[in-house]
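These notes concern the structure reproduced below.
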Amino acid sequence: MKHKAWVWGLALSLLAGAATADPLLGAGAMAPTLERALQSQMRADRRAHPQAWQAVSSLQGIRPGVYRATRLQRPSVSRELRALGPDALLPMLDALAGAGFGGALSPAEREALTVGMLEAVGVLRDPRALPVLSAAYERASGPTMLRAAARGLAMSGDPAALARVQRGASEGELAQRATSLAALGVSPNPAVTPWLVARLAAPEPALVEAAAAALGERHSAWAATARRQNDPDRALVARSLVASFLRADPAHERALQTAVLAVGGAETLAAIDALNTGAAPRDAARLATLRRLAARQ
Amino acid sequence: MRATTSVFRAAPRWLGALSLLGALAGCGDTSPAQGGGDAGSDAGPPLPAFRVLVDSNRDGEVNDQDFATRGAFSASHGAVFLANVDDDDEDHAVDAEDDAVNGEADAADLARIRTAPWPAVPAGASGAVTVEHQGDTLVRLFRRTGEGFERFDPATMQLTEAELRAGVELGIESTDFPTEAWDGTVTVRVAVTQASTALADDQVTLRVAPWVIDNSIHQTEHVYGPIATGVRPAVVFFRDLETATLSDTMLLEGINTLRTEYHPNRLEGPDVWMQDIMEFGWTSMPGPGGRHAMHVVLRSPNRQRPMALFTTNEYLGPDRGYVWKSAPARDNGRTHDVSLDSFGNLELVPPYPGRPMGRLYHGSVTARSSDISLRAFLNAQGVQGPPMLVDTSWLTVGHVDEFMSFIPANTPRGWKLLWASPREGRALLQRYADQGETQANALLFEGMRWYYPEDSPNFGTTYPAQRRLSAVLADADLMAFNQRIQGILDGLREDLQRETGLTDAEIIEMPFLFWDGDGGGAGAYMPGTVNLLRYGSSVVVARPHGPVNADGEDIVELDLIERLRPDGVTVHFAEQWDLLHAALGEVHCGTNAVRVIPERGAWWEGLR
């Protein structure tokens with residue numbers, strides 16, 4: 001009986017959720033021509049993939065009855081949306097910048113839904129999502145939304161999108177620059193690596209940390225093993241990161257250490273050994289600790 | 001408020017002893033003002049005729065042997081009293097909430113203050129009592145009257161000539177533990193006057209005992225698990241807990257999570273997070289037979305958590321106290337995150353050199369924080385703090401039990417650290433996959449589903465979790481993410497080793513992979529086996545659903561058994577995927593344990 005009560009409750013909440021809708025990114029997020037073109041595709045897609053549209057509209061992770069029973073106790077939809085795969089792209093774009101998402105949402109639910117959809121849209125690397133991701137990037141209302149949009153743009157491999165994120169990493173407020181910079185770790189463009197390495201010389205520690213995190217993400221030795229590909233840039237990256245680690249003050253050293261360990265591999269050990277030659281006693285001690293940790297990997 | 005006086009049987013044996021001492025030593029018509037006094041011990045100075053005594057030497061008795069140690073509070077000396085937060089009369093209210101002494105057991109929770117008999121007290125004398133301390137915590141006095149105690153209000157009441165002559169016994173209790181504004185010290189002063197002439201004056205200091213968190217490697221009294229009849233994932237999990245605890249003769253108590261008070265909204269799933277709603281600890285003072293102690297449960301500050309009412313509805317009772325620290329939203333501010341108030345995010349590093357009571361650790365996130373009053377409370381307790389703040393900003397949920405726990409070990413230190421290890425998780429899977437094509441194609445999480453299964457109250461969209469081992473190992477994004485998490489974990493482990501002196505040999509890495517969730521936060525991808533329930537020499541961990549070998553054995557289970565076998569630990573596996581793992585938790589999150597209050601190793605020995 002209790003089970004049935006919950007199911008009925010969920011059904012009622014779904015029905016209630018169909019009452020109102022507005023685009024998660026706000027009205028006018030896309031240029032009218034783009035919006036019209038996308039709407040045409042959406043109509044066709046709704047007929048072709050009704051299950052995906054249904055799945056997106058009945059997401060569980062933003063239902064209070066569900067998320068309050070999780071340990072997080074906050075709405076969470078990113079994994080759920082990513083698991084829906086490519087068929088969910090257009091329903092998500094529709095929610096973000098088209099007809100919206102049905103139902104009354106609390107601010108926390110709306111934010112989780114927006115960020116989760118941007119993350120899920122990004123990993124699909126579909127060029128149709130670029131106008132929506134760009135709009136989200138320009139309108140980002142907080143760091144998690146900015147991060148999700150920037151990663152989506154960077155991940156796409158689109159040169160214009162990459163250039164936009166690089167510009168965002170170079171101008172504006174420091175925190176937003178750092179968020180954009182860190183997002184470049186997922187760009188498939190090899191030219192991003194030397195661009196990031198150059199940012200390790202930035203005078204702002206927050207930007208150095210962000211560039212280091214991005215380099216750590218894109219040059220992971222474990223990821224290269226997974227791809228069964230050599231990473232010709234890893235030696236350069238390892239040397240650059242270890243040097244940045246040595247330059248870092250104590251407040252920022254940990255972030256650099258994490259980035260060095262995120263790269264790992266024999267190249268990292270070699271870079272540490274090379275910089276240890278003739279190092280001052282304090283630096284030698286720091287490098288010895290770093291080497292011990294890197295060797296565990 | 002209830003009756004202000006409660007009478008019960010209690011033999012005031014101390015009075016006879018002190019009277020005898022007074023008769024032997026308090027010779028004649030003397031007072032300190034007049035230069036007279038009692039003879040001291042063979043080696044000590046003479047005692048003043050009027051003196052106030054507390055159990056300064058901590059032998060459980062109040063007598064003249066306490067006089068010499070009434071000075072500064074230290075690891076070896078100083079009187080202690082209790083926050084009287086249990087419910088000896090079982091009226092579902094904390095005893096200190098009223099100004100009565102509710103029976104013998106309640107009286108036993110009062111520390112005693114005594115004035116030595118003063119046979120030569122001048123006629124017409126009276127004693128004014130003052131209680132001084134910082135902060136606004138209410139500290140109450142009671143006066144023995146025959147066989148009972150009555151409230152003694154220093155503002156309106158005085159000690160009489162007869163009481164001063166015979167000696168008087170007071171009891172003292174606090175309504176709270178040390179606070180941010182109060183280290184727990186009180187000074188009780190008695191000034192004796194005759195008309196307006198000062199005759200004598202004496203004072204003693206006491207300190208209220210802190211709340212001490214249970215040590216997870218200590219002997220276990222009983223464990224808790226969630227009951228949700230009709231919710232199959234919960235039934236399965238509790239059944240596995242029963243199997244494990246029965247085989248170890250450990251007492252398992254089920255908490256009915258579907259009680260209306262705990263589960264008012266039937267549209268929501270039950271709150272099964274037994275770890276997060278409460279933290280068990282204790283408090284103690286010296287007593288006649290050794291130490292006098294009570295268990296005390298700390299309720300989660302989260303006000304939107306009806307399940308936490310278990311602490312008052314069912315746990316509170318004789319020698320089972322309760323404390324709750326929760327600030328209103330306006331005081332907590334915009335960055336308050338109620339998830340960090342969960343007590344899977346508050347644990348204790350067991351004792352190590354320099355920290356005989358262990359040290360608290362608490363997950364800390366730069367942009368978010370736990371309840372401000374909880375943090376102030378923990379800081380104020382002193383003996384196990386201040387809490388070591390551990391960066392958990394890299395986790396989606398952000399609790400410290402997601403990556404570390406402890407087991408007893410037959411080593412000089414007596415315990416080992418269990419530490420989450422993507423490195424070991426990846427290596428374990430890779431070793432198996434390298435054995436051949438069949439092994440590489442084995443399934444991880446076979447038959448399991450993410451999100452909520454059909455028999456869950458949260459039934460809805462679900463999707464298969466199972467993946468071929470080769471696909472997991474070839475997932476570059478997953479591997480890059482795990483290597484970064486390993487880097488973070490290695491840094492945190494370095495901090496902990498530096499703090500505690502732990503060697504690598506004292507750390508057991510627990511193999512499992514993480515994955516990323518909303519905003520890039522990490523959570524356990526493979527069931528987080530470090531997040532466990534420990535009692536005796538057993539641990540209950542999440543069934544890992546790893547690849548199964550030709551003999552039908554889960555290779556992750558086999559690995560865990562072998563990893564912990566050298567330390568004599570028996571591993572029980574509990575099915576909790578649907579109930580806990582898919583909802584961002586594991587076994588520790590869904591259970592709790594009350595440890596035996598230690599007979600040895602009093603908290604005052606841990607004073608720093």
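Read the figures in this text as sums done on the coordinates, not as results from a lab. Keep in mind that this is a model prediction, so the values were computed, not measured. As a convention, Cβ positions derive from the backbone with ideal geometry for all residues, glycine included, and neighbour counts pool all protein chains shown.
Over all distinct alpha-carbon pairs, what is the Kirkwood Rh of the stretch A:229-294 in angstrom?
Kirkwood radius, the stretch A:229-294: 11.7 Å.
Plugging the Kirkwood radius over Cα pairs into Stokes-Einstein for chain B, at a temperature of 20 °C and a viscosity of 1.002 mPa s, what D comes out in µm²/s?
Reported coefficient: 80 µm²/s.
Based solely on its DSSP helices, what 222 nm [θ] is calculated for chain B when runs of n ≥ 4 H residues each add -39,500 (n - 2.57) and the sum is averaged over all residues, nearest 500 deg cm²/dmol?
About -5500 deg cm²/dmol.
Give the value in nm², to one decimal: projected area of the alpha carbon convex hull of the stretch B:337-458, averaged over all directions.
Averaged projected hull area, Cα only: 11.9 nm².
Let me see the pair-distance distribution of the stretch B:142-201: every alpha carbon pair, 5 Å bin width, integer percents in order.
Result returned by the calculation: 4, 13, 22, 22, 17, 12, 8, 3, 0.
How about the stretch A:96-197: which trypsin sites (Lys or Arg not before Pro) there are in a DSSP loop, with at most 11 other Cβ atoms within 10 Å of their Cβ?
Qualifying residues, ordered by number: none.
Which number comes out as Rg/Rh for the protein assembly as shown once both Rg and the Kirkwood Rh are worked out on C-alpha atoms?
Checking Rg against Rh, the ratio lands at 1.05.
Mind checking the alpha-carbon convex hull of the stretch B:51-171 and giving the volume per residue in Å³?
In the stretch B:51-171, the Cα hull volume divided by residue count equals 126 Å³.
For the residue pair B:Arg468 and B:Arg431, what label-to-label distance in nm results when each label sits 7 Å from Cα along the Cα-to-beta-carbon direction?
2.4
Considering all projection directions equally, how large on average is the shadow of the alpha-carbon convex hull of chain A, in square nanometres?
Orientation-averaged projected area of the Cα hull: 18.2 nm².
Taking the stretch B:129-288 as the region of interest, what is the percent of Cα-Cα pairs per 5 angstrom bin, listed from the shortest bin to the one with the maximum distance?
2, 6, 11, 12, 11, 9, 8, 8, 8, 8, 6, 4, 3, 2, 1, 0
At q = 0.21 Å⁻¹, what is the base-10 log of I(q)/I(0) for the stretch B:108-211 according to the Debye formula with one equal point scatterer per Cα and no solvent? Please give it to two decimals.
For the stretch B:108-211 at q = 0.21 Å⁻¹, log10 I(q)/I(0) is -1.10.
Hey, can you grab everything whose amide H is under 5 Å from the amide H of B:Asp99? Only 5+ residues off in sequence or another chain; H modelled, so Pro and N-termini drop out.
B:Arg2
Would you mind computing the Rg to Rh ratio of the stretch B:467-608 from its alpha-carbon coordinates, Kirkwood style for Rh?
Over the Cα atoms of the stretch B:467-608, Rg/Rh equals 1.01.
Taking amide H positions as placed in the peptide plane 1.01 Å from N, state which residues far from B:Val390 in sequence (5 or more) or on other chains have amide H under 5 Å from it.
Excluding prolines and chain starts, which carry no amide H, the hits are B:His362, B:Gly363, B:Ser364.
Give me a comma-separated list of calculated 3J(HN,Hα) values for the stretch B:209-226, in order, Karplus coefficients 6.51, -1.76, 1.60 applied at θ = phi - 60°, integers in Hz, x for any Gly or Pro.
3J(HN,Hα) across the stretch B:209-226, in whole Hz: 5, x, 7, 10, 6, 4, 8, 5, 9, 7, 4, 9, 7, 7, 10, 10, x, x.
Quick one: P(r) of the stretch B:218-364 from all Cα-Cα pairs, 5 Å bins, percents rounded to integers, in order of increasing distance.
Cα pair-distance distribution for the stretch B:218-364, in percent: 2, 8, 14, 18, 20, 17, 11, 6, 3, 1, 0.
Equivalent ellipsoid semi-axes for the stretch A:43-142, as square roots of 5 times the alpha carbon gyration tensor eigenvalues: give them largest first, rounded to whole Å.
21, 16, 12
Provide the percentage of antiparallel DSSP beta bridges, counting only those with both residues in the protein assembly as shown; round to the nearest 5.
Expressed as a percentage, antiparallel bridges in the protein assembly as shown total about 75.
Principal axis lengths of the stretch B:386-457 from Cα atoms, whole Å, largest first?
So the three principal-axis extents are 50, 38, 24 Å.
Looking at the calculated P(r) for the stretch A:187-227, what percent of the C-alpha pair distances fall above 11 Å?
63
If amide H atoms are built 1.01 Å from N in the plane of the peptide, which residues on other chains or at least 5 residues away come under 5 Å of the amide H of B:Gly167?
Sorted by chain and number, the residues that satisfy this are B:Trp118.
Karplus couplings for the stretch B:515-529 from phi (6.51 cos²θ - 1.76 cosθ + 1.60, θ = phi - 60°), rounded to Hz, Gly and Pro as x?
Values, residue by residue: 9, 9, x, 3, x, x, x, 9, x, 5, 8, 6, x, x, 7 Hz.
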